[in-house]
Amino acid sequence: METKIVKITDLFDLTHDVRRYTLTKPENYSFVPGQATEVAINKPDWTKEKRPFTFTCLPDEDHLEFTIKTYPERKGVTHELYKLREGDELILHEVWGSIVYKGKGVFIAGGAGITPFISIIRHLEKNKEISGHLLIFANKTRADIIMEEEFNSLLNESFVNILSDEKAEGYFHGLITQDFLQEHIDNFDRKFYVCGPPPMMDSLLQQLSDLGVGEDSIIKEEF
């Protein structure tokens, strides 16, 4: 399996526990918006510790970008990534992923599950095809919302936020339920892009099925 070594060129904190990593881009390197790769840190004891991360840049940009949530309590790869600085190196493995754009529809994300949709939504905007899409983004609190300002700019009223652990004006409160989906979606005969923690995914897939959405209309990661 061919690997690529890339250098970190910029680090930027998007939230209290989410950081954007900008990297050099190998020559002729390609991916489709929504796809991912397995990443390892090019340091002793970490080169074999691979984790999957989604590209959040556009394929034709001159750099690569990952948007990664840190879990310091796990003392694992994301915690070690957070210690890195400009000039440090990552090892990229093969590109993979089944979350790719297949037509107009609804994006539903929970927390860091937004990452496969960042590049897709940016790509739609670049191609002037953003109209007609809806993004429902579930988080615990306002402080957890990744790229809220950019999504507001790109989607306006088609960007719906729901918070489970905080009540705030302008934000819905609670969990995504079948009633919530029916309230915000007027047509279920479209594509549904879903990504989030396993319990959320299980619930969402059942709700969408109950609402008549067929499996062939749901785009999710296949493992």
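Compared with the dominant principal axis of the Cα atoms in the chain, helix 198-210 is inclined by about 30°. Computed with the Debye formula from one identical point scatterer per Cα of the range 51-91, without solvent, the log10 of I(q)/I(0) at q = 0.14, 0.17, 0.27, 0.33 Å⁻¹ comes to -0.37, -0.54, -1.08, -1.23. Accessible surface of His123, taken over heavy atoms with a 1.4 Å probe and every protein chain present, rounds to 70 Å². Compute the FRET efficiency between Lys102 and Arg74 as 1/(1 + (r/R0)^6), taking r as their Cβ-Cβ distance and R0 = 35 Å, and round to the nearest 0.05. Calculated transfer efficiency: 0.55. Give the Debye-formula value of log10 I(q)/I(0) at each listed q (0.17, 0.18 Å⁻¹), with one equal scatterer per alpha carbon of the chain, two decimals each. Debye output, listed in q order: -1.27, -1.40.
Rolling a 1.4 Å probe over the protein heavy atoms gives the chain an accessible area of 52 Å² per residue. Solvent-accessible area of the chain (1.4 angstrom probe, protein heavy atoms only): carbon and sulfur portion equals 46 percent.
Each residue, Leu211 and Phe188, gets one label point 7 Å from its Cα in the Cβ direction; the gap between the two is 0.7 nm.
Per the Cauchy relation, a quarter of the hull surface: what is the mean projected area of the convex hull of the alpha carbons in the range 107-223, in nm²? List each step's numbers first, then the result.
On the way: hull surface 28.7 nm².
Taking the Cα atoms of the range 107-223, their convex hull projects to 7.2 nm² on average.
Give, as a single signed number, the net charge of other residues whose beta carbon lies under 15 Å from the beta carbon of Tyr82, with Lys and Arg counted +1 and Asp and Glu -1. Net of charged neighbours comes to +1. Once the Cα atoms of helix 115-126 and of the chain are each reduced to a long axis, what angle between those two axes, in degrees from 0 to 90 to the nearest 10, is obtained? So the helix axis and the longest Cα principal axis differ by about 80 degrees. Cross-link reach is defined here as a Cα-Cα straight distance under 20 Å, omitting same-chain residues fewer than 8 places apart; for Lys140 the lysines meeting it are Lys69, Lys167.
With 18 Å as the limit on Cα-Cα distance, the pairs of Lys7/Lys220; Lys43/Lys75; Lys104/Lys220 that go past it are Lys7/Lys220. Sorted on the mean count of surrounding Cβ atoms within 10 Å across their residues, most packed first, peptides 191-198, 25-32, 94-101 read 191-198, 94-101, 25-32.
Which loop GluC sites (Glu not before Pro) in the range 171-223, with loop taken from DSSP, have no more than 12 other Cβ atoms within 10 angstrom of their Cβ? Walk me through the numbers on the way to the answer.
Working: sites: Glu183, Glu215, Glu221, Glu222; in loops: Glu221, Glu222.
Loop-located and lightly packed - Glu222.
The values are calculated or read from the model by the stated rules, or taken from the named source; none is laboratory data. Note that the coordinates shown come from a computational prediction; the quantities given were computed from them, not determined experimentally. We place every Cβ from the backbone using ideal geometry, glycine too, and count neighbours over all the protein chains shown. In case anyone asks, the SASA skips ligands and DNA or RNA and just uses the protein heavy atoms, side chains included. Shrake-Rupley method; radii C 1.70, N 1.55, O 1.52, S 1.80 Å.
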